[in-house]
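Please read the structure below before turning to the comments.
The values are calculated or read from the model by the stated rules, or taken from the named source; none is laboratory data. Note that the structure is a prediction, hence the values are computed from the model and not measured. Cβ atoms come from the backbone with ideal geometry, glycine included; neighbour counts cover every protein chain shown. Heads up: the accessible areas ignore ligands, DNA and RNA and are worked out on the full protein's heavy atoms, side chains in. Shrake-Rupley method; radii C 1.70, N 1.55, O 1.52, S 1.80 Å.
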Amino acid sequence: TLLDAKSGAKLVGKYPAKKPGGPPDSDTIENTSVQSKLVLLTLTFPRLRIIWSSSPYATAEIFADLKNKNTQPDPVKAAIIGAEDVDLQSGGVNVMGEELLRSLPGITSMNFRHVMSMVSSIRELCDLDLAGVQAILGVEAGRTLHTFLHRGSK
């Protein structure tokens with residue numbers, strides 16, 4: 001068109017044509033891409049903070065600013081702070097059970113430890129009535145979890 005000729009703008013060849021909308025394919029989501037790995041890391045570890053810099057020199061400056069007026073960190077203390085509480089009597093936490101619990105609606109990263117301290121198993125949690133679940137989680141979260149657990153069972 002005349003407008004394209006005047007502006008000199010050409011979209012041919014420089015940028016690939018957009019694909020029509022639909023389910024994502026292997027071209028849009030790659031398990032090996034850095035972006036995908038960063039997204040997975042931040043979803044898996046919500047408390048993770050990422051510091052991004054443009055060069056090694058900028059990284060050194062950022063760390064120098066972060067460390068300004070602070071003592072050298074103690075690796076043992078850092079490991080203890082980052083470590084989760086482990087019940088020594090039971091030999092540890094059932095990781096699969098914890099993952100299942102954390103995936104339930106109404107269970108958050110803030111309340112899952114409280115729930116684990118109040119019930120001894122997922123089965124015990126499932127056997128609680130609405131008032132019991134609400135006593136542990138609160139009214140709204142308790143209703144959400146109870147409704148999810150007892151959907152279809154009447």
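Things to note:
- Selection from region 40-79 of residues that are surrounded by 10 or more Cβ atoms within 10 Å (Cβ to Cβ), part of a loop (DSSP other than H, G, I, E, B) and hydroxyl-bearing (Ser, Thr, Tyr): SER53
- Where a residue in region 69-84 is within 27 Å of MET110 (Cα to Cα) and of a type outside the set (Gly, Ala, Ser) and its partner, wherever it lies, is surrounded by 10 or more Cβ atoms within 10 Å (Cβ to Cβ) and at pLDDT below 80, with Cβ under 9 Å and at least six apart: GLU84/VAL93
- Boolean, LEU145 is closer than 18 Å to VAL95 by Cβ and in a helix (DSSP H, G or I): no
- Any hit, region 89-103, residues being within 30 Å of ARG143 (Cβ to Cβ), at pLDDT 75 or above and of a type in the set (Gly, Ala, Ser): yes
- The set of residues in region 97-141 being more than 22 Å from the chain's Cα centre (by Cα), small (Gly, Ala, Ser) and either under 27 Å from PHE45 (Cα atoms) or open to solvent by less than 80 Å² (accessible area, probe 1.4 Å) (or both) consists of SER117, SER120, SER121, ALA131, GLY132, GLY138.
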